[in-house]
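What follows is a short report on a single structure.
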Amino acid sequence: MPELPEVESIVRANRDRLVGRTFTDFETSWPRNTLPAPDAVRDALRGRLIADVWRRAKYIIFTLAAPSADAGRGADAGQKAVAGSPMRGAPLATGHTKRPAALSPHAARPAAPSPHAARPAAPSPLSARRSNGRQSPGYLLIHLRMSGRLEWGDPVLPGQKRPAATRSGISGSDVPRPDAPHTRAVFTLDDGARLLFCDARKFGRILWTRDLTSVTADLGVEPLEPEFTAGLLADLLTRRSGRIKPLLLDQSVVAGIGNIYADEALHRAGLHPLTPGNRVSPAAVKRLCHAIRSVLRAAIRHNGTSFDWVYPTGTMQDHLRVYGRTGEACRTCGTAIEALRVGQRGTHLCPRCQPAPRGASSGGRALRSASPRV
Ligand SMILES: [Zn+2]
């Protein structure tokens, strides 16, 4: 499942291509994962400018705006282009279409409301609850969940025929290639470009909302924001007796961390995954806060971790210290990395760098209940 660094990498790789464009159409072949119903999402998106694309937790968020006077470019072309249907997948962030100067995101971005005004300045349990949806005609949110990914379909230019929807009989460069595998939805933009939402396992979600807080209110602190401090983390942990790893995976505590980076942060902090949250020492909380931030930043620098074909563009897997390294030597001390099950999740740790929590009560039971990873 893509975690914070992978989602952030996707946003950064595609923001420039998206911001300043206008949605002209939306189609889905899997309406069950679209909220509200596809027709309502299509009505909400058509004619809306993409003022910003950003990330909150594991959500990709499009801040929408009413098009400004100079952003009506290509409207006719866009309306013609909506005849396109899902087809021709290309890797995301490749083959960028050059955007005419007059259509730069800054020219098209409305002076007010500013996308930054609409974006929570400091996403947190408190600030995220502030209503910030009144300044925008709405937000499009995409959650990739287990296997979702974004790709670019070939643009459909004005006057072009609707691409063949068939997957059979494809040959020759003048014949449209088939859809990207598992295309579930297509967002058409005013330049004819089509953003494909592909999802093999169909757990991904496409949401439109006028009030962003209706989706984000329960999300925890953003670990890369300045407000994520050792003091805040200590405050979050002292109130919870659950084990530290499930706490890190709880999106209402810290947002965006998944299985990979929880394991990596705990190793860097020297904390056993079964340590109760309220028994983490102040010094260890400091180490953990630093470890979370540093591992997430490193992962973003490496475009995330490529764990399978769903997300092939990252290189962080070459720098992981415990995740997926069962039996291999700890990069710190040389001890063999072990695997446990913690809260149904495969968990990787170095038994020497991350000693089991003291005390027969919680720590002992926790350890006995953890079974080796199959
Ligand atoms: Zn070690």
Scope segment 177-222; condition assigned to a strand (DSSP E or B) and of a type in the set (Ser, Thr, Tyr); matching residues: THR183, THR188, THR209
Test: residue in segment 182-196 that is in contact with a strand residue (DSSP E or B) (Cβ under 6 Å, 6 or more places away or on another chain) and closer than 24 Å to ALA299 by Cα: no
Every pair of residues 6+ apart whose Cβ atoms lie under 6 Å, when the first sits in segment 332-361 and is among the basic types (Lys, Arg) while the second is within 16 Å of the ligand (Cβ to nearest atom): ARG352/CYS333; ARG352/THR335
3 or more residues hydrophobic (A, V, I, L, M, F, W, C), touching a helix residue (DSSP H, G or I) at 6+ places or on another chain (Cβ under 8 Å) and away from the ligand (no atom under 16 Å from the Cβ): qualifying helices (runs of 4 or more DSSP H) within segment 244-350: 244-249, 282-301
Any chance ALA269 is without any contact (Cβ under 8 Å) to a residue 24 or more places away in the chain and either closer than 19 Å to LEU224 by Cα or surrounded by fewer than 17 Cβ atoms within 10 Å (Cβ to Cβ) (or both): yes
Failed item in (1) closer than 27 Å to ALA269 by Cα; (2) at pLDDT below 95, with GLY192 passing the rest: (1)
Test set (1) touching a residue at least 24 places away in the same chain (Cβ under 8 Å); (2) under 23 Å from LEU248 (Cα atoms) - THR313 fails condition number: (2)
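The values are calculated or read from the model by the stated rules, or taken from the named source; none is laboratory data. Quantities reported herein were computed from a predicted structural model and do not represent experimental measurements. We place every Cβ from the backbone using ideal geometry, glycine too, and count neighbours over all the protein chains shown.
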